[in-house]
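Report on the structure given below.
Where a number appears in this text, it was derived from the coordinates with a stated rule and is not lab data. The model shown is predicted, which means the values in this text are computed figures rather than measured ones. Methodologically, a virtual Cβ is constructed for each residue, glycine included, from the backbone with ideal geometry; neighbour enumeration extends over all protein chains shown.
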Amino acid sequence: MRVFLVNFTTVLKNIIMLSEKVDKALNKQIRIEAESSQIYLSMACWAESKGFEGVADFMFAQADEEREHMLRLLRYLIERGGNANISELSKPPANFKSPKAMFEEVLKHEIFVSDSINDLVAITFEEKDFATHNFLQWYVAEQIEEEATARTILDKINLIGDDKSGFYLFDKDVRSLIAQKPE
Ligand SMILES: [Fe+2]
Ligand SMILES: [Fe+2]
């Protein structure tokens, strides 16, 4: 009976276990989400130090969101019997030329994350891991939102141009985008 149970567990584990490729790709994405959180935390600190309080609040909220993205992946990896591997994180940039330059970096980074999610989705397809493929659809939708938000903010900044009072209103306005973000 015991032998049977051990064998049964092994068989079950083999069925539900993630492939090495998917395991590695999920761990890579976990690191990217954690690094995103660090980047936005650094941007929040920069904005705070320059007196852009609304922008700082927005970036602090973004940093929290990215940590949630990381945790959601991590919980999934553990649930599927993967090898969770918490790695070191790269140091984020600490200085930005202007809020516009900073949000240009945000958009560039979100496009990089979208590409990474797409690569990950492609791997799950190659590996016929449709459970992970399905799980990742939330991230595909989220990336559309993230890129759209960055583009909206950049459009606003471009509209303001050099108008200082316009920027004062923009700083307040950015706060409202925190509440609009879907759960
Ligand atoms: Fe993310
Ligand atoms: Fe993001």
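At GLN137 and ALA122, where each label point lies 7 Å from the Cα along Cα→Cβ, what is the point-to-point distance in nanometres?
Output for this residue pair reads 2.1 nm.
What translational diffusion coefficient, to the nearest whole µm²/s, does the chain have by Stokes-Einstein, given a Kirkwood radius computed over alpha-carbon pairs, a temperature of 20 °C and 1.002 mPa s viscosity?
Details: Rh = 18.1 Å.
Estimated via Stokes-Einstein, D reaches 118 µm²/s.
Which aspartates and glutamates have a Cα lying under 16 Å from the Cα of LYS97, excluding residues fewer than 8 positions away in the same chain?
Counting by Cα, and skipping residues close in sequence, LYS97 has these aspartates and glutamates nearby: GLU48, GLU105, ASP162.
Apply the Karplus curve 6.51 cos²θ - 1.76 cosθ + 1.60, θ = phi - 60°, to the phi angles in the range 93-108 and return the couplings in whole Hz, x for Gly and Pro.
Residue by residue, the range 93-108 yields x, 10, 10, 9, 5, 6, x, 4, 4, 5, 6, 5, 5, 4, 4, 4 Hz.
For the range 85-124, rounded, prolate or oblate, judged on the Cα gyration tensor with a ≥ b ≥ c (square roots of eigenvalues), a/c < 1.5 rounded, else prolate if a/b > b/c? Please list the in-between numbers first.
Working: a/c = 6.21, a/b = 1.57, b/c = 3.95.
Because a/c hits 1.5 or more and a/b fails to exceed b/c, the range 85-124 counts as oblate.
Any idea what the relative contact order of the chain is, in percent, if you count C-alpha pairs under 8 Å spaced at least 6 apart?
For the chain, the relative contact order is 27 percent.
For LYS21, list the lysines whose Cα falls under 28 Å from its own Cα; do not include residues on the same chain fewer than 8 positions away.
Cα-Cα hits under 28 Å: LYS13, LYS91, LYS108, LYS128.
Sorting check: for 25-31, 98-104, which peptide has the highest mean count of neighbouring beta carbons within 10 Å, and how do the rest follow?
Final packing ranking: 25-31, 98-104.
Only helical DSSP H runs with n ≥ 4 go in: add -39500 (n - 2.57) per run for the chain, normalise by residue count and round the 222 nm mean residue ellipticity to 500 deg cm²/dmol.
Rounded to the nearest 500, the figure is -28000 deg cm²/dmol.
Which whole-Hz ³J(HN,Hα) couplings does the range 37-45 yield from phi under the Karplus relation 6.51 cos²θ - 1.76 cosθ + 1.60, θ = phi - 60°, glycine and proline marked x?
Those phi angles translate into 4, 5, 4, 6, 5, 5, 5, 4, 5 Hz.
Could you work out how far helix 137-160 tilts from the main Cα principal axis of the chain, as a 0 to 90 degree angle to the nearest 10?
In the chain, helix 137-160 runs at an angle near 10 degrees to the longest axis.
Of the listed peptides 51-60, 109-118, what is their order by residue-averaged count of other C-beta atoms within 10 Å, with the highest listed first? All intermediate terms of the calculation are to be shown ahead of the outcome.
On the way: 51-60: 19.7, 109-118: 16.8.
Highest to lowest by the protection proxy: 51-60, 109-118.
Ordered by packing density, taken as the mean number of other Cβ atoms within 10 Å over each peptide's residues, highest first, how do 147-154, 158-165, 61-68, 32-39 rank?
Values: 147-154: 16.6, 158-165: 9.6, 61-68: 18.2, 32-39: 21.1.
Ranking, from highest mean packing down: 32-39, 61-68, 147-154, 158-165.
Please list the radius of gyration and Dmax for the range 61-168, considering alpha-carbon atoms only, with Å as the unit.
17.2, 55
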